[in-house]
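In what follows, a structure is listed as structure tokens, so that the remarks can point back to it.
The values are calculated or read from the model by the stated rules, or taken from the named source; none is laboratory data. The model shown is predicted, which means the values in this text are computed figures rather than measured ones. Methodologically, a virtual Cβ is constructed for each residue, glycine included, from the backbone with ideal geometry; neighbour enumeration extends over all protein chains shown. Only protein heavy atoms, including side chains, enter the accessible area calculation; ligands, DNA and RNA are left aside. Shrake-Rupley method; radii C 1.70, N 1.55, O 1.52, S 1.80 Å.
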Amino acid sequence: MTEILYMKDIESNYIREFDANVVERGFDYVVLDRTAFYPLGGGQPSDTGRLEWPGGKAEVREVTKKEGIRHHLVQNPELVPDKVKGVVDWDKRYGHMRMHTAQHIVSGVVYDLWKARTVGNQLYHDRSRIDFAPVKFTDEMVSELESKTNEILATGAKVEIETMRRDILMRDVDAQRANLDLLPKSVQELRVVKIAQFDTCPCAGTHVRSLSEIGKIKVVKRENKGKDRERITYELI
Ligand SMILES: [Zn+2]
């Protein structure tokens, strides 16, 4: 099992360099005993970066989590020594953190205004899209979504991470708004991301410590994706 360094608290999301030991070498990957690399999943792309050691380095081209957290390398894993320093490509990862935290707010606003749920999302460092249902947006609704979201972002509210029991969280939040009803019943201890009074939901992604790091959103596209399903694409400005 790999210790995931960004899970603990919000400050740990800012770890961009770390020391680790290689515990497994596969045909194109290594497994580490600890990592700050985010593996592909939950609508957030994999981190990239490199592993370094005295006299050498290997590029991490993708990180996956299907069977353990695998750091897929451009170079031959057999050349990587047991002790390495991991370095995450920070500009891209920080973009994901800003985009992902903004997504919590956008999804919350859409739910509060029109009771539509987030049914899919894909973020990138420079733009993101979210699918909502059931809803049919108009231009006026999109303006309202932008202004309400930007009003909340402008508060600069703090973002916190805590571990919470499922039954306790159930008492405090709307299960549909937090997508709690979609989590397997077997999961009882949850990593919960809390953005002041604006949003509380279980999430394993990476986030910024304050809404003041996001700026504003701008909706750049709106598409119908079938009956009652709409896709919004936004950028940060
Ligand atoms: Zn999240």
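So here's what we get for this one:
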{"read-out": "Where a residue in the range 173-188 is closer than 11 Å to THR200 by Cβ and its partner, wherever it lies, is of a type in the set (Val, Ile, Thr), with Cβ under 7 Å and at least six apart", "value": "VAL173/THR200; ALA178/THR200; LEU180/VAL173"}
{"read-out": "Selected residue (criterion: nearest to the ligand (Cβ to nearest atom)) from residues of the range 188-199 that are open to solvent by 30 Å² or more (accessible area, probe 1.4 Å) and touching a helix residue (DSSP H, G or I) at 6+ places or on another chain (Cβ under 7 Å)", "value": "PHE198"}
{"read-out": "Qualifying residue in the range 217-232 (condition: at positive phi, touching a Leu at 6+ places or on another chain (Cβ under 6 Å), small (Gly, Ala, Ser) and away from the ligand (no atom under 16 Å from the Cβ))", "value": "no"}
{"read-out": "Whichever residue in the range 201-237 is closer than 16 Å to GLU162 by Cβ and modelled with pLDDT under 95 and, among such residues, is surrounded by the fewest Cβ atoms within 10 Å (Cβ to Cβ)", "value": "ALA204"}
{"read-out": "Any hit, the range 95-113, residues being more than 17 Å from the chain's Cα centre (by Cα) and of a type in the set (Lys, Arg)", "value": "no"}
{"read-out": "Qualifying residue in the range 74-81 (condition: in contact with a strand residue (DSSP E or B) (Cβ under 7 Å, 6 or more places away or on another chain) and closer than 25 Å to ILE152 by Cβ)", "value": "no"}
{"read-out": "Strands (runs of 3 or more DSSP E) contained in the range 96-187 and holding at least 2 residues open to solvent by 60 Å² or more (accessible area, probe 1.4 Å) and in contact with a Lys or Arg (Cβ under 7 Å, 6 or more places away or on another chain)", "value": "159-165"}
{"read-out": "Failed item in (1) more than 16 Å from the ligand (Cβ to nearest atom); (2) touching a residue at least 12 places away in the same chain (Cβ under 8 Å); (3) under 22 Å from GLY205 (Cα atoms), with LEU73 passing the rest", "value": "(3)"}
